[in-house]
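These notes concern the structure reproduced below.
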């Protein structure tokens, strides 16, 4: 039986099979390497775009701070105001009483309202994203302002941020408003940064970094409402969502 086996033919067949297997392995390794290279290139491009976006936002913010500094310096170097004239002096000089009583106090209320809105936005930035990079903090501010612009939510920043807080953990839209976070001592540096960023956003330094999101949650939780919304972005440790369509939904899911 052994004499009938043609060893050269068997050896050639084995060598052919080994060669074919080797070529197949090389082709597979080349394909895997190419796929990995494409993925790596795409990831590097996405990272570069994110860095470029954040750099632009930081540049805009720095320009805003520069303007604010220049205005403060000009105010400090300007001549001091003279002491206010008393009402008795005005009357003695013949000023009409109407000038004293017709002052438009709505201007004071508007200024007070602007300050309150800025504080509420700063609180959202601080308590929700103070450990995030600047773009992550801007994304939280973006969500707040997107809600203000939506018919589904209240019309002011403070009402949006504190919506449901009177019901404690049963309906607060931003968890920090009802979980006791606001009782903790503030990190003064991060609070000042949050205030400055809120002022910059309200002054117009804003980009739709959240892609028009109205909801977000931390990446370590999976709230049931997330499955009913359309994902828009992942920024830092937060995932962002918007309503599936521009139409108004009957019952907006609770957020955060």
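The values are calculated or read from the model by the stated rules, or taken from the named source; none is laboratory data. Here the structure is a predicted model, which means the values were calculated and not measured. Please note: Cβ atoms are built from the backbone with ideal geometry, for glycine as well, and neighbour counts cover all protein chains shown.
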>> Anything in the stretch 197-214 that is over 13 Å from the mean Cα position of the chain (by Cα) and over 14 Å from residue 135 (Cα atoms)? List them, or say none.
In response: 199, 202, 203, 204
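Would you pick out the residues in the stretch 124-143 that are crowded, with 24+ Cβ neighbours inside 10 Å and in contact with a helix residue (DSSP H, G or I) (Cβ under 7 Å, 6 or more places away or on another chain)?
The answer is 124, 125, 126, 128, 129, 137, 138, 140, 141.
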>> Looking at the stretch 201-222 only, could you name the residues that are surrounded by 15 or more Cβ atoms within 10 Å (Cβ to Cβ) and free of Cβ contacts under 8 Å to residues at least 60 places away in the same chain?
In response: 211, 217
> Considering only residues of the stretch 149-164 that are farther than 13 Å from residue 124 by Cα and touching a residue at least 12 places away in the same chain (Cβ under 8 Å), which is surrounded by the fewest Cβ atoms within 10 Å (Cβ to Cβ)?
Replying inline: 151
> Can you find even one residue in the stretch 215-230 that is at pLDDT 90 or above, more than 17 Å from residue 129 (Cβ to Cβ) and under 11 Å from the mean Cα position of the chain (by Cα)?
Replying inline: no
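Confirm whether residue 175 is within 13 Å of residue 123 (Cα to Cα) and surrounded by 19 or more Cβ atoms within 10 Å (Cβ to Cβ).
Taking the combined requirement at face value, the residue does not satisfy it.
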> If you scan the stretch 144-164, which residues turn out to be in contact with a helix residue (DSSP H, G or I) (Cβ under 7 Å, 6 or more places away or on another chain) and part of a helix (DSSP H, G or I)?
Replying inline: 144, 147, 148, 157, 158, 160, 161
> Only one of these conditions is not met by residue 186: (1) buried (at least 16 other Cβ atoms within 10 Å of the Cβ); (2) under 24 Å from residue 165 (Cβ atoms); (3) in contact (Cβ under 8 Å) with a residue 40 or more places away in the chain. Which number is it?
Replying inline: (1)
